[in-house]
Amino acid sequence: MINNDVLRSLRYMLDLSDGKIAEICALADPAFVVDKADVPGWLRKEDEEGFVACDDRTLAHFLDGLIVQFRGRDESQPLRPVEKRITNNLVLKKLRVAFELKDVDMHAIFESAGFPVSKPELSALFRQPDHKNFRACGDQLLRNFLKGLTLRVRGG
């Protein structure tokens with residue numbers, strides 16, 4: 001899925017302002033500075049004037065910032081390095097951590113989006129890529145997860 005689509009979905013879900021998105025990115029790493037003037041370009045659709053592609057590094061900082069925002073930071077631990085490459089599986093994992101979702105919650109979220117996922121399918125999404133039962137998370141699966149999570153967060 002395109003990083004901009006993920007960012008746009010999360011912004012709507014959490015009702016975030018441009019400034020708040022920049023603040024959340026800084027929570028992951030205070031040295032990573034996002035100018036809130038850059039955010040509107042990331043939130044535009046690809047065919048709109050002023051569209052700017054959201055790179056993996058920015059989305060990784062935003063997702064890590066969400067984890068810090070919702071779960072807090074363990075000050076005794078050093079800052080975790082930010083992933084250089086974001087995949088749909090990684091987005092799913094980070095949102096699961098940020099929203100403290102258990103397997104039951106994940107199944108309910110997919111079910112509410114009209115996209116039921118079996119237990120083996122779900123566990124395969126969270127395995128290491130070199131595991132024989134690993135399954136790559138497709139765009140449709142992530143889109144339905146974001147839809148279901150939005151229904152859960154905003155009420156439906």
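The values are calculated or read from the model by the stated rules, or taken from the named source; none is laboratory data. Bear in mind the structure is a predicted one, so any value in this text is a computation, not a measurement. A quick note on method: Cβ atoms are made from the backbone with ideal geometry, for glycine too, and the neighbour counts reach across all protein chains shown. Side chains are part of the model used for accessible areas, which takes the heavy atoms of the whole protein and leaves out ligands, DNA and RNA. Shrake-Rupley method; radii C 1.70, N 1.55, O 1.52, S 1.80 Å.
Details
- Per DSSP, loop trypsin sites (Lys or Arg not before Pro) in region 91-139 with at most 13 further Cβ within 10 Å: Lys102, Arg127, Lys132
- Gyration tensor verdict on region 53-108 (Cα atoms; rounded if a/c is under 1.5, prolate if a/b is larger than b/c, oblate otherwise): oblate
- Shown in residue order for region 2-17 are the 3J(HN,Hα) couplings computed by the Karplus curve 6.51 cos²θ - 1.76 cosθ + 1.60 at θ = phi - 60°: 6, 3, 4, 5, 4, 4, 4, 5, 5, 5, 5, 4, 9, 6, 9, 7 Hz (x for Gly and Pro).
- Here the dipole of the chain is about 560 debye; that uses its Cα centre as origin and unit charges on the Cβ of Lys and Arg (positive) and Asp and Glu (negative).
- Tail weight of P(r) past 24 Å, computed on alpha-carbon pairs of region 1-145, percent: 34
- Tilt relative to the chain, helix 18-28 - C-alpha long axis, 0 to 90 degrees, to 10: 70
- For region 94-144, the orientation-averaged shadow of the C-alpha convex hull comes to 3.5 nm² (one quarter of the hull surface).
- Exceeding the 18 Å Cα-Cα cut-off - candidates Lys94/Lys147; Lys36/Lys147; Lys36/Lys94: Lys36/Lys147; Lys36/Lys94
- R0 of 41 Å, Cβ-Cβ distance Val33-Ser123: FRET efficiency to nearest 0.05: 0.60
- The accessible-area ordering, largest first, of the residues Asp139, Asp47 stands as Asp47, Asp139, per a 1.4 angstrom probe.
- Expressed as a whole percent, the accessible area of the chain that falls on carbon and sulfur atoms is 50 (1.4 Å probe).
- The residues of the chain have, on average, 57 Å² of accessible surface per residue, using a 1.4 Å probe with all protein chains present.
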